[in-house]
Amino acid sequence: MAATARLVSVLQESQKAPRRNSSVAVLAIGTANPANCILQEDYADWYFRVTKSDHLTALKNKMKRICDKSGVKKRYFHYTEETLAGRPELFLDPTLPSLSARLAISAAAIPELAAAAAAKAIAEWGRPAGDITHLVVSTNSSAQAPGADVRLAELLGLRPTVQRTLLYLHGCFGGCSALRLAMDIAGSNRGARVLVAVAEATTVLSFRPPVDAHPDALVAAALFGDGAGAVIIGDDDSTGTNVERPIFYMVSASQGTLPGTEDTLSMRLQEDGYDIGISVKAPAIVRDNIEGCVANMLAPLGLAGAGWNGLFWAVHPGGRAILDSCQDAFALGPGKLAASRHVLSEYGNMYGATIIFVMDEIRRRRQQDGERKELDGRLGVMLGLGPGISVETMVLRSASGMEKK
């Protein structure tokens, strides 16, 4: 009780202090997934069948155990069984170079997937797409210029003068990085309306037959999925209209790196697509270091050590073990990461797009549970982890406009 009272006092004082981006807000959220959905309980059988690897019974049983423990119930993929069968030289023969062909597939898919999510966000926002002044696109699934940002602007009918920024290869914290950048843009340009679109079809770049010598590939195959999230961000002080309804205010953002963890989480483009490295030590490293890292980044706001359970949490669900490590490190109550665990269960890890699904799920839960008024004005932490290990944090303040239009 004493810790909770202290937290309330700290939060009240912190909200009185002037902050440069205190009125920058998330004004709308949209998400989208490819049509192809596979249940996790069926995935190991499906995966070994389509890769013609059913004879690897020991490896298949290992894959089933990984799937059972993943915390994932279903995932969505850009590729289909027909896609894989139609391009065996591309997806099923790891001895052949396939990067260029894989990139060509994802280059076509990413703008379409991003547009599906962005169109939902724009519809909720309630203003014309032409009012977007800035576009920030993040993806791990492409490597070209002009990139997905140009095609996305065309699909949405954005103005030719929209200011575009494209982020590549930020891994799982790409969505958090894009939101941080958008917050800075909106806070520095009065009247700006920033569309953030994070789209991933990275499974196109990483799909390959199981290889006994590369256990990380099995973990990745059991964890990642495809999807897109979009948000519109602007300065609430400069709306001049009652159409816009803030969902979350973006108070501050920061980034840190856990020293000596460069090889703990990694992504490398190779001739046959992505090589994804996930060390078995990652959950323990996160558990032992994440609280101190986040506390240091939040200390200037007076939030460190004030009682983590007084905040709401939007944590990127990098995996079940990562969420467990974060829950242990911050001594969070059993329901504090419920939104993150739900998104992991329903979609898997969609890299940078996943954090936007978590934000949307937090909003949905508050509406469904009738707790909107209780959440109004409360501070929370958005947390993303990615290659490095890099740690992105953003302090959010919930707004009264959490009802979805």
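The values are calculated or read from the model by the stated rules, or taken from the named source; none is laboratory data. All values reported here derive from a predicted model rather than from experimental measurement. Heads up, the Cβs are rebuilt from the backbone with ideal geometry, glycines too, and the neighbour counts pull from every protein chain shown. Quick note on the areas: whole protein, heavy atoms, side chains included, nothing else; ligands and nucleic acids left out. Shrake-Rupley method; radii C 1.70, N 1.55, O 1.52, S 1.80 Å.
Below, the figures for the structure above:
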{"item": "Principal-axis tilt of helix 57-69 within the chain, Cα atoms, nearest 10 degrees", "result": "10"}
{"item": "Computed label-point distance, nm, for sites residue 161 and residue 143 using a 7 Å Cα→Cβ extension", "result": "3.7"}
{"item": "Where trypsin sites (Lys or Arg not before Pro) fall in DSSP loop in the range 88-179, at most 16 other Cβ within 10 Å", "result": "none"}
{"item": "Most positive-pole-ward Cα, 391, 259, 279, against dipole of the range 248-398 from beta carbon charges", "result": "391"}
{"item": "Label-zone membership for the range 59-94, site residue 345, 7 angstrom Cα→C-beta point, backbone N under 19 Å", "result": "66-76"}
{"item": "Cα→Cβ-extended label distance, 7 Å offset, between residue 89 and residue 41, nm", "result": "4.0"}
{"item": "Label point distance in nm, residue 364-residue 243, each placed 7 Å from Cα along Cα→Cβ", "result": "2.6"}
{"item": "DSSP-assigned coil residues among trypsin sites (Lys or Arg not before Pro) in the range 18-75, each with at most 12 further Cβ atoms within 10 Å", "result": "20, 52"}
{"item": "Average accessible area per residue (Å²) across the range 248-398 - probe 1.4 Å, nucleic acids and ligands excluded", "result": "35"}
{"item": "Accessible-area order (highest first, 1.4 angstrom probe) of the listed residues 202, 95", "result": "95, 202"}
{"item": "Potential extension, residue 262-residue 216 segment - 0.36 nm per residue separation minus Cα distance", "result": "15.0 nm"}
{"item": "Accessible surface of the chain [probe 1.4 Å, protein heavy atoms]: carbon and sulfur percent", "result": "51"}
{"item": "Stretchable slack from residue 190 to residue 295, in nm (0.36 nm times residue separation minus alpha-carbon distance)", "result": "34.7 nm"}
{"item": "Signed unit charges on C-beta, dipole axis of the chain, positive-most listed residue 303, 135, 195", "result": "303"}
{"item": "Correct option for Kirkwood radius over Cα pairs in Å [calculated from the coordinates] among (1) 21.5; (2) 23.4; (3) 22.4", "result": "(1)"}
